[in-house]
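Novice: I am attaching a structure below and will ask some questions about it afterwards.
The values are calculated or read from the model by the stated rules, or taken from the named source; none is laboratory data. Small disclaimer: the values here were computed from a predicted structure and weren't measured. As a convention, Cβ positions derive from the backbone with ideal geometry for all residues, glycine included, and neighbour counts pool all protein chains shown. Just so you know, the surface numbers come from the protein's heavy atoms only, side chains and all, with ligands and any DNA or RNA stripped out. Shrake-Rupley method; radii C 1.70, N 1.55, O 1.52, S 1.80 Å.
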Amino acid sequence: MSVPFTRTLRFKVRPESYAWLNAAAIEVNGVFNYCNQISLATATRTDRKRKWLSDYDLCNLTAGATEYLQRIGADTIQRICVEYAQKRVAARRLKLRWRVSRGARRSLGWIPFKAASLKRKGTALRFCGKTFRVFERERLEGVSWKQGCFAQDAVGDWWLCLPVEESIEQTAAPKESVGVDLGLKDAAVTSDGERLEALRFYRDAQHRIGALQRRRHVRQAKRMHRRIRWRRQDVCHQFSRKMVNTYQKIVVGDVSSLKLAKTRMAKSVLDSGWGTLKRFLQYKGECAGRTVQVVNERNTSRSCSSCGALSGPRGLRQLAVRRWECAHCGESHDRDVNAARNILTAGSRCGTSVSGNEPLACRACSEPDISSARRRTLGGR
Ligand SMILES: [Zn+2]
């Protein structure tokens with residue numbers, strides 16, 4: 001069975017176009033802020049004309065704005081209106097944060113467009129009367145896009161992002177199920193005893209980043225941050241791909257990297273890439289027809305995976321205990337593998353809801369995964 005699946009291709013834009021894109025991004029910010037202001041003003045009127053503006057209203061209100069703008073066209077303005085309306089509904093706010101064009105706190109550039117306004121021209125691309133060149137343009141061959149955007153990253157480089165539809169052949173995996181324990185000593189340990197070493201890309205580079213920042217080499221420091229992110233993503237991609245290719249059912253604990261990022265372990269937690277790894281496992285599992293399940297992690301490192309007695313190390317104080325012996329049945333355990341096995345058991349215990357292409361919510365034992373459900377309702381965003 002093959003299923004349609006949207007993935008986003010990213011192309012780095014050649015630097016000669018940066019000046020134009022930067023200027024166009026300021027116009028985009030202007031349109032966005034206009035939408036923000038008019039939506040707030042209309043929603044807070046005290047007379048009977050008070051209204052929550054929809055994307056359709058916003059498109060009407062901004063019609064003809066191209067006359068005052070030099071770079072972006074009508075289709076970009078419409079895309080901004082639609083995106084604005086969607087974001088505002090999702091955020092449930094009267095107004096969103098303003099897009100800032102200048103200064104230290106400026107927003108990262110963003111220029112959306114519809115399919116028709118980005119055209120191929122020989123080896124280059126044509127957008128709004130301007131020719132663009134991208135790196136690795138051979139990847140563009142045979143690709144058809146519906147819409148897309150130019151987006152800027154923190155370093156200041158511009159990327160062309162094109163979501164494209166692909167169909168993926170779904171096959172059965174050779175092995176049945178696995179539990180994955182996310183941790184700090186090892187980034188991930190599976191119930192079969194496989195380990196993903198702790199990622200320390202940031203830890204290893206932080207003194208160099210610090211030195212760069214003290215010397216006010218801001219751009220270089222940002223470049224380094226980006227490189228670290230890419231390396232972490234690369235490792236997570238490899239590990240999640242391996243899991244998805246090997247196992248039909250993947251169970252992960254519900255550790256929240258966002259919650260732990262507020263504690264003293266923040267740096268290690270964020271550096272270990274739990275969030276990234278979970279995200280990758282979820283979307284890859286989804287389009288390969290796997291079951292990815294999130295279960296409550298409570299007591300998974302404490303209870304013995306053979307007899308179920310709560311005889312293991314507990315709490316922060318005994319975090320250093322890596323191996324232990326069950327006082328009840330005498331079985332000797334590796335802390336993380338034992339936890340992964342418990343997670344796997346917890347996954348099969350509440351095997352109620354989840355099949356590959358449904359939202360990842362197990363009502364019995366964990367919070368529903370809102371992010372993936374929301375992504376689906378917004379059409380793959
Ligand atoms: Zn035991």
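Novice: Of (1) free of Cβ contacts under 8 Å to residues at least 40 places away in the same chain; (2) within 16 Å of the ligand (Cβ to nearest atom), SER305 satisfies all except one. Which?
Specialist: Of the numbered conditions (1) free of Cβ contacts under 8 Å to residues at least 40 places away in the same chain; (2) within 16 Å of the ligand (Cβ to nearest atom), the odd one out for SER305 is (1).
Novice: Do we have ARG10 as modelled with pLDDT under 95, charged (D, E, K, R) and closer than 21 Å to PHE135 by Cα here? Break it down stepwise before answering.
Specialist: Numbers: modelled with pLDDT under 95: yes; charged (D, E, K, R): yes; closer than 21 Å to PHE135 by Cα: yes.
Yes: the conditions hold for ARG10.
Novice: Still on this structure, I have one more. Please pick out the residue among LYS284, LYS262 that is over 15 Å from ASP336 (Cα atoms), in a helix (DSSP H, G or I) and among the charged types (D, E, K, R). It would help to see each step written out before you state the result.
Specialist: Working: LYS262 fails: in a helix (DSSP H, G or I).
From the options LYS284, LYS262, the qualifying one is LYS284.
Novice: Show the residue pairs that are 6+ apart or on different chains and have beta-carbon atoms under 7 Å apart, the first residue being within the range 324-350 and more than 16 Å from the ligand (Cβ to nearest atom) and open to solvent by less than 20 Å² (accessible area, probe 1.4 Å), the second being of a type in the set (A, V, I, L, M) and at pLDDT below 85.
Specialist: These pairs meet every condition: CYS350/ALA364.
Novice: Still on this structure: Looking for something in a helix (DSSP H, G or I), surrounded by 17 or more Cβ atoms within 10 Å (Cβ to Cβ) and within 22 Å of the chain's Cα centre (by Cα) - is there at least one such residue anywhere in the range 287-305?
Specialist: Of all residues in the range 287-305, those in a helix (DSSP H, G or I) come to 287-288.
Among the residues that remain, those that are also surrounded by 17 or more Cβ atoms within 10 Å (Cβ to Cβ) are: 287-288.
Next cut, within 22 Å of the chain's Cα centre (by Cα) only: 287-288.
Among the residues of the range 287-305, at least one is in a helix (DSSP H, G or I), surrounded by 17 or more Cβ atoms within 10 Å (Cβ to Cβ) and within 22 Å of the chain's Cα centre (by Cα), which makes the answer yes.
Novice: Identify, from the list SER256, SER268, the residue that is without any contact (Cβ under 8 Å) to a residue 24 or more places away in the chain and either of a type in the set (Lys, Arg) or open to solvent by 10 Å² or more (accessible area, probe 1.4 Å) (or both). Reasoning before the result, please.
Specialist: On the way: SER268 fails: without any contact (Cβ under 8 Å) to a residue 24 or more places away in the chain.
That would be SER256, the only listed residue that is without any contact (Cβ under 8 Å) to a residue 24 or more places away in the chain and either of a type in the set (Lys, Arg) or open to solvent by 10 Å² or more (accessible area, probe 1.4 Å) (or both).
Novice: Out of (1) open to solvent by 40 Å² or more (accessible area, probe 1.4 Å); (2) modelled with pLDDT of 80 or more, what's the single condition that is false for ALA309?
Specialist: Against the list (1) open to solvent by 40 Å² or more (accessible area, probe 1.4 Å); (2) modelled with pLDDT of 80 or more, ALA309 comes up short only on (1).
Every residue, every condition in (1) within 23 Å of the chain's Cα centre (by Cα); (2) buried (at least 17 other Cβ atoms within 10 Å of the Cβ), yes or no:
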residue: LEU125; (1), (2): no, yes
residue: LYS130; (1), (2): no, no
residue: ARG133; (1), (2): no, no
residue: GLU141; (1), (2): no, no
residue: SER144; (1), (2): no, no
residue: PHE150; (1), (2): yes, yes
residue: GLY156; (1), (2): yes, no
residue: GLU165; (1), (2): yes, no
residue: PRO174; (1), (2): no, no
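Novice: Moving on to the next point. Being at negative phi, open to solvent by less than 30 Å² (accessible area, probe 1.4 Å) and either in a strand (DSSP E or B) or out of contact with any helix residue (DSSP H, G or I) (no Cβ under 9 Å at 6 or more places or on another chain) (or both), is that true of even one residue in the range 44-67?
Specialist: No: the range 44-67 contains no residue that is at negative phi, open to solvent by less than 30 Å² (accessible area, probe 1.4 Å) and either in a strand (DSSP E or B) or out of contact with any helix residue (DSSP H, G or I) (no Cβ under 9 Å at 6 or more places or on another chain) (or both).
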